[in-house]
Each structure stands twice: as structure tokens, then as C-alpha cells.
Amino acid sequence: MKIVMKFGGTSVADIGKIKNVANIIAEQRQTAEIAVVVSAMGKTTNALTNLAHQITDKPNLRELDALLSTGECTSVALLAMALNAIGCPARSYNALQMGIWTDDKFGDAKIKYITAPIWQDWSKGTIPVITGFQGITYNKDITTLGREGSDTSAVAIAAAIGADYCDIYTDVDGVYDADPNVVKDAKKLDFVSYDDMLKMANNGAKVLHPRSVMTAQQHNIPIRVRGTFTPEDLGTLVAKSRQK
Ligand code: ADP
Ligand code: ASP
Ligand code: MG
């Protein structure tokens, strides 16, 4: 079994939460080969955007991506340290190191090809911890995939390595029929088809980035949306059919 586990910003917002995530990964690695994708801590990407806008209303887009991509660099290094500290060998990787090649549309880059030499880590029993959101152009400029783009990084890596599941861990325990933080009696769904999930994502259900759902559908990668703070729950399966 091969699983890509992706953790969003709220799941790694502080050191205690990063340690919690390391424990979830340690548990899962007992039964599967794992690759991890992480977002920037908490509201880091917003804070970096604010810094740029204190300089100019129209920051140079290449430099803005160079800046915004640093949030994910911090979180992968800290999470790899946390894993090593609990006896799970892990190594952090950025987009260049992982070979996440994109076009040069800064701020909204599209992934063209992923090299992902993950087998090198797996053959040594090491867990690769990879920056979400980042890409690299053929000229080695750093790009970003658009806000919330780490979901797309995770699914694209899952497709590249032929993973059985892409598990998207977030601050809610699955996909609901409406935003559970807005609609009090929203109902949790066990299963959502790619088509229905794409409609929800395009209508603003932030829980999955629309392009991640398109990528999953294209490569038939089952996504499980799971709660970082309720890891024993299998969450919501997003797939072609209930049988994954
Ligand atoms: P992450 O930081 O893990 O990427 P996001 O904030 O991007 O998390 O997405 C999770 C949020 O999506 C939830 O906190 C919830 O408020 C929101 N959300 C919107 N619509 C839905 C929905 N239909 N089901 C679940 N969550 C939803
Ligand atoms: N850190 C980026 C953002 O806040 C990407 C992501 O979290 O998916 O938009
Ligand atoms: Mg998100």
C-alpha cells in the first residue's frame, strides 16, 4: 500500500500540532509506504503576502512566488525534524529537489511533470516530506500553484508514484453537504464522486482545491478527506465509485 498524506496549514500551525502530525504519520507508516506533503504553517502565506504588499501594490510575480514558497520550506524542515525526533527517519524536499516541473505562470502555475525519486527514500526506510504549493520551471524559477494549491501537489505526486490513496488531512473530519463551520446542521458525507466534488470545489468548498479534484479524476486517484484532530476516522472518500 502506497499513501500520500497531505497536511494543511491549520494542521501544522504550531510546534505542538507539528508533533501531533508526526505521530499520525508514524502510526500510518506501520502499514503503508508513506510520502508526506505539507502546507505552510497557519496563516504564513497571508503574512508573507502582506509583507510584499508593504513594498508595492504590484509585486514582481517571480519574486512574489520566491517569497510565498518559503512558507512551505519552513514546515517541511520542521516536520522532518519532528519525525526524526520520534524515531521515524525522514527527509525534507522542496520542488526543485522533488522535480515538480511547472509552466512559468507565476502565482497560478500548472504542473507538467513530476520526477519524484521517492523510491530512493523508501528503499532506505525514510519518509520523504515534500513542500506543497511549490513548483519549478525548466529555467529553475520557483513557481506557486495558486492559493490552496498544496492539495493539487499532493494528488499530482500520488498520481506520479501510483499511490493507492491521497489522504488530505485538514481541520474538519471530512466533506460535508455544506461548510460545517458556517452551516450548523451540515451533514458529513461518507462518499462523494469526483463530479460532485468538483462542483462543490468550484462553488467555493475550500476543503479541496478544484485542480486537485480534476487531477484525481484524470488519474483515478482516490482521495480521503480526513481530520488531523480525528485521525482514527476514515473521513470522506472522493472517488469514481464507493469501491474507490
Ligand atoms: P487546509 O488548511 O487543511 O488546507 P482549508 O481551510 O483549505 O484547510 O479547508 C478546510 C475548510 O474548508 C474547513 O475548515 C471548512 O470550513 C471549509 N469547507 C468549506 N466547505 C466545506 C465542505 N463542504 N465540507 C467540509 N469543509 C468545508
Ligand atoms: N500555503 C498555501 C496557501 O496558504 C498553499 C496551501 O496551503 O495549500 O494558500
Ligand atoms: Mg486548503
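The values are calculated or read from the model by the stated rules, or taken from the named source; none is laboratory data. All values reported here derive from a predicted model rather than from experimental measurement. Positions of Cβ are generated from backbone atoms using ideal geometry, with glycine treated the same way; all protein chains shown enter the neighbour counts. Side chains included, ligands, DNA and RNA excluded: accessible areas come from the protein's heavy atoms. Shrake-Rupley method; radii C 1.70, N 1.55, O 1.52, S 1.80 Å.
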Residue that is farthest from Thr44 (Cα to Cα), among those in region 54-87 that are touching a strand residue (DSSP E or B) at 6+ places or on another chain (Cβ under 7 Å) and open to solvent by 10 Å² or more (accessible area, probe 1.4 Å): Asn84
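Return yes or no: is Thr56 more than 16 Å from ligand 3 (Cβ to nearest atom), polar (S, T, N, Q) and over 28 Å from Pro231 (Cα atoms)? Outline the logic, then answer.
Numbers: more than 16 Å from ligand 3 (Cβ to nearest atom): yes; polar (S, T, N, Q): yes; over 28 Å from Pro231 (Cα atoms): yes.
For Thr56, the condition - more than 16 Å from ligand 3 (Cβ to nearest atom), polar (S, T, N, Q) and over 28 Å from Pro231 (Cα atoms) - is met.
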Every residue from region 195-239 that is over 21 Å from Ala160 (Cβ atoms) and β-branched (Val, Ile, Thr): Val207, Thr228, Thr230, Thr236
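If you scan region 10-20, which residues turn out to be of a type outside the set (Asp, Glu) and farther than 15 Å from Asp173 by Cα? Explain how you work it out, then say what you get.
Within region 10-20, the subset of a type outside the set (Asp, Glu) is 10-13, 15-20.
If the condition is that a residue be of a type outside the set (Asp, Glu) and farther than 15 Å from Asp173 by Cα, then Val12, Ala13, Ile15, Gly16, Lys17, Ile18, Lys19, Asn20 are the ones that fit.
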Failed condition for Thr45, given (1) more than 30 Å from Ser123 (Cβ to Cβ); (2) open to solvent by less than 50 Å² (accessible area, probe 1.4 Å); (3) away from ligand 2 (no atom under 16 Å from the Cβ); (4) among the β-branched types (Val, Ile, Thr): (3)
Qualifying residues in region 164-202 (those that are farther than 20 Å from Lys240 by Cα and open to solvent by 90 Å² or more (accessible area, probe 1.4 Å)) - the one nearest to ligand 1 (Cβ to nearest atom): Asn181
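Please determine whether any residue of region 70-77 is touching a Leu at 6+ places or on another chain (Cβ under 9 Å) and either within 16 Å of ligand 3 (Cβ to nearest atom) or on the phi < 0 side of the Ramachandran plot (or both).
Initially, region 70-77 is screened for residues touching a Leu at 6+ places or on another chain (Cβ under 9 Å), giving 70-71.
Subset that is either within 16 Å of ligand 3 (Cβ to nearest atom) or on the phi < 0 side of the Ramachandran plot (or both): 70-71.
There is at least one residue in region 70-77 that is touching a Leu at 6+ places or on another chain (Cβ under 9 Å) and either within 16 Å of ligand 3 (Cβ to nearest atom) or on the phi < 0 side of the Ramachandran plot (or both).
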Any hit, region 20-33, residues being within 16 Å of ligand 1 (Cβ to nearest atom) and among the polar types (S, T, N, Q): yes
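Is it true that some residue in region 44-64 is under 20 Å from Ile168 (Cβ atoms) and either in contact with a helix residue (DSSP H, G or I) (Cβ under 6 Å, 6 or more places away or on another chain) or not in a helix (DSSP H, G or I) (or both)?
yes
Please find, among Ala156, Ala160, the residue that is more than 13 Å from ligand 1 (Cβ to nearest atom) and closer than 15 Å to Val38 by Cα. Steps first, answer last, please.
On the way: Ala160 fails: closer than 15 Å to Val38 by Cα.
Every option except Ala156 fails the conditions.
Give region 92-102 a look and list any residue that's open to solvent by 40 Å² or more (accessible area, probe 1.4 Å) and either at pLDDT below 95 or outside any strand (DSSP E or B) (or both), or say none. Break it down stepwise before answering.
Taking region 92-102 as the starting set, the residues that turn out to be open to solvent by 40 Å² or more (accessible area, probe 1.4 Å) are 92, 94, 96-97, 101.
Asn94, Leu96, Gln97 - these are the residues of region 92-102 that are open to solvent by 40 Å² or more (accessible area, probe 1.4 Å) and either at pLDDT below 95 or outside any strand (DSSP E or B) (or both).
Criterion first (open to solvent by 60 Å² or more (accessible area, probe 1.4 Å) and either part of a strand (DSSP E or B) or out of contact with any Leu (no Cβ under 6 Å at 6 or more places or on another chain) (or both)) does Tyr138 satisfy it?
Values: open to solvent by 60 Å² or more (accessible area, probe 1.4 Å): yes; either part of a strand (DSSP E or B) or out of contact with any Leu (no Cβ under 6 Å at 6 or more places or on another chain) (or both): yes.
Spelling it out, Tyr138 is indeed open to solvent by 60 Å² or more (accessible area, probe 1.4 Å) and either part of a strand (DSSP E or B) or out of contact with any Leu (no Cβ under 6 Å at 6 or more places or on another chain) (or both).
Do we find that Ala22 is crowded, with 19+ Cβ neighbours inside 10 Å, part of a strand (DSSP E or B), away from ligand 2 (no atom under 16 Å from the Cβ) and not polar (S, T, N, Q) in this structure? Break it down stepwise before answering.
On the way: crowded, with 19+ Cβ neighbours inside 10 Å: yes; part of a strand (DSSP E or B): no; away from ligand 2 (no atom under 16 Å from the Cβ): yes; not polar (S, T, N, Q): yes.
Taking the combined requirement at face value, the residue does not satisfy it.
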In region 211-228, the residues that are touching a helix residue (DSSP H, G or I) at 6+ places or on another chain (Cβ under 8 Å) and either without any contact (Cβ under 8 Å) to a residue 60 or more places away in the chain or more than 23 Å from Glu27 (Cα to Cα) (or both): Arg211, Ser212, Val213, Met214, Thr215, Ala216, Gln217, Gln218, His219, Pro222
Which listed residue is touching a Phe, Trp or Tyr at 6+ places or on another chain (Cβ under 6 Å) and within 25 Å of Asn46 (Cα to Cα), from Tyr113, Tyr169: Tyr169
